[in-house]
Amino acid sequence: RFQLGDPTLNALEIWGAEYQESNALLLRSPDRNFLTRVSARERCSACFVGTITGDRRIVLVDDRECPVRRNGQGDAPPTPPPTPVDLELEWVLGKMPRKEFFLQRKPPVLQPLALPPGLSVRQALERVLRLPAVASKRYLTNKVDRSVGGLVAQQQCVGPLQTPLADVAVVALSHEELVGAATALGEQPVKSLLDPKVAARLAVAEALTNLVFALVTDLRDVKCSGNWMWAAKLPGEGAALADACEAMVAVMAALGVAVDGGKDSLSMAARVGTETVRAPGSLVISAYAVCPDITATVTPDLKHPEGRGHLLYVPLSPGQHRLGGTALAQCFSQLGEHPPDLDVPENLVRAFSITQGLLKDRLLCSGHDVSDGGLVTCLLEMAFAGNCGLQVDVPVAGVDVLSVLFAEEPGLVLE
């Protein structure tokens, strides 16, 4: 029986309503009492609305009004309740033609990245650090309560200066124990303008390289929610969305994680006069897992134990320094040709496992992922948050220094 906020709703309105913020579950009959207890404990209503019969029919019974007939010898059997819906599933599932989509790819016209001659690292940094995707998010964190409820184990701000730089959010499940939940985000919309498949892989990689700094039960226990924002009805965009989805599924299968939900917004275009303005296709990955010890979490701010710490750079696509779709290219109103990518997913699996082992053994002081802004931005953020300086030696021969510092190849920096 459905729980109604308005008793005047008729059967059609109840059956055809688009219920928001609701979930449908299928459970075994012996588990009904357990779910009822959980529902009462959490003060979240659960309505048991039907049973599986296996007769390949769907029947909706409206038993709200079943008058009892009276006769001179007692009550007569009740009038059978009406059935507004009594449908053979074969009519809607068995012989329905599959919907077909005819999509055409529209390859982007790409040009090599052309940075100004003589561009210095300082000049590049002054532009990159001002880009909203890279710059400080303090304007977002200063106006909100970051610890409401008393169960927040890792909020956005870290270090002595309370720099909004945390990679992963951790919440305790109760006030009495150390078990909790960790969640992290990943998104790379600009890369989708070059290659939607690359953008999908990098979104998954970014979410996991953020999540890795909280101790979780196992990489295979990680589940993800995918939020798709794409102008799918425009020429070429539907095929790009399909390519991105296939790439996401493939890389998750290779990593051993799974997507178990999500949401979509497929009207990401607006018409202004005679021009159609579209947003870049975007996939936002929310990765989450059980955290067995909320205290085994490291933050990006450098701790420099005993006055001096040691930094380790872990590239997940070693030897690659691609600048396509990076913050540096965007700062010069360009895209470039070749975006960074997760070339070998197994590298991420191994790096995740080793980093988790270091967390468990309490051998890490801090850690941060290489993402928007590249390696140099990652290092500077760790120094800013730790309120300290650093000296870095990146032994790479035969590669332009700007490519080494500003490439956004997925990776980790560990202290």
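The values are calculated or read from the model by the stated rules, or taken from the named source; none is laboratory data. From a predicted model like this one, the values you see are computed outputs, not experimental measurements. Reconstructed Cβ throughout: ideal geometry from the backbone, glycine too, with neighbour counts over all protein chains shown.
Looking only at region 266-314, residues that are surrounded by 14 or more Cβ atoms within 10 Å (Cβ to Cβ) and closer than 16 Å to Met382 by Cβ come to 12 in all.
Can Asp293 be described as assigned to a loop (DSSP other than H, G, I, E, B) and within 19 Å of Val413 (Cβ to Cβ)? Walk me through it before giving the result.
Working: assigned to a loop (DSSP other than H, G, I, E, B): yes; within 19 Å of Val413 (Cβ to Cβ): no.
No.
Residue by residue, here is whether (1) modelled with pLDDT of 85 or more; (2) more than 28 Å from Val212 (Cα to Cα) holds:
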{"position": "Arg56", "(1), (2)": "yes, yes"}
{"position": "Asp63", "(1), (2)": "no, yes"}
{"position": "Val68", "(1), (2)": "no, yes"}
{"position": "Lys95", "(1), (2)": "no, yes"}
{"position": "Val109", "(1), (2)": "yes, yes"}
{"position": "Val144", "(1), (2)": "yes, no"}
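Would you confirm whether any residue within region 142-159 is of a type in the set (Val, Ile, Thr), more than 30 Å from Leu194 (Cβ to Cβ), surrounded by 15 or more Cβ atoms within 10 Å (Cβ to Cβ) and in contact (Cβ under 8 Å) with a residue 24 or more places away in the chain? Yes - at least one qualifying residue is present in region 142-159.
If we scan region 86-100, do we find a residue that is of a type in the set (Lys, Arg) and touching a strand residue (DSSP E or B) at 6+ places or on another chain (Cβ under 9 Å)? Don't jump to the end; show me each part of the working.
Initially, region 86-100 is screened for residues of a type in the set (Lys, Arg), giving 95, 98-99.
Remaining after also requiring touching a strand residue (DSSP E or B) at 6+ places or on another chain (Cβ under 9 Å): none.
No, region 86-100 contains no residue that is of a type in the set (Lys, Arg) and touching a strand residue (DSSP E or B) at 6+ places or on another chain (Cβ under 9 Å).
Just give me the residues in region 310-361 being among the aromatic types (Phe, Trp, Tyr) and over 21 Å from Ala207 (Cα atoms), in sequence order. Talk me through it step by step, then tell me what you get.
So the first thing to find is which residues in region 310-361 are among the aromatic types (Phe, Trp, Tyr), and the list is 313, 332, 352.
Once the filter is applied, which keeps residues that are among the aromatic types (Phe, Trp, Tyr) and over 21 Å from Ala207 (Cα atoms), region 310-361 yields only Phe332.
Cβ-Cβ below 8 Å, separation at least six or inter-chain, first residue in region 22-50 and free of Cβ contacts under 8 Å to residues at least 24 places away in the same chain, second among the polar types (S, T, N, Q) and assigned to a helix (DSSP H, G or I): which pairs? Between residues of region 22-50 that are free of Cβ contacts under 8 Å to residues at least 24 places away in the same chain and residues that are among the polar types (S, T, N, Q) and assigned to a helix (DSSP H, G or I), the close pairs are Ala46/Thr36; Ala46/Ser39. Here is the figure for region 104-129: residues that are without any contact (Cβ under 8 Å) to a residue 40 or more places away in the chain, over 23 Å from Lys197 (Cα atoms) and part of a loop (DSSP other than H, G, I, E, B) total 3.
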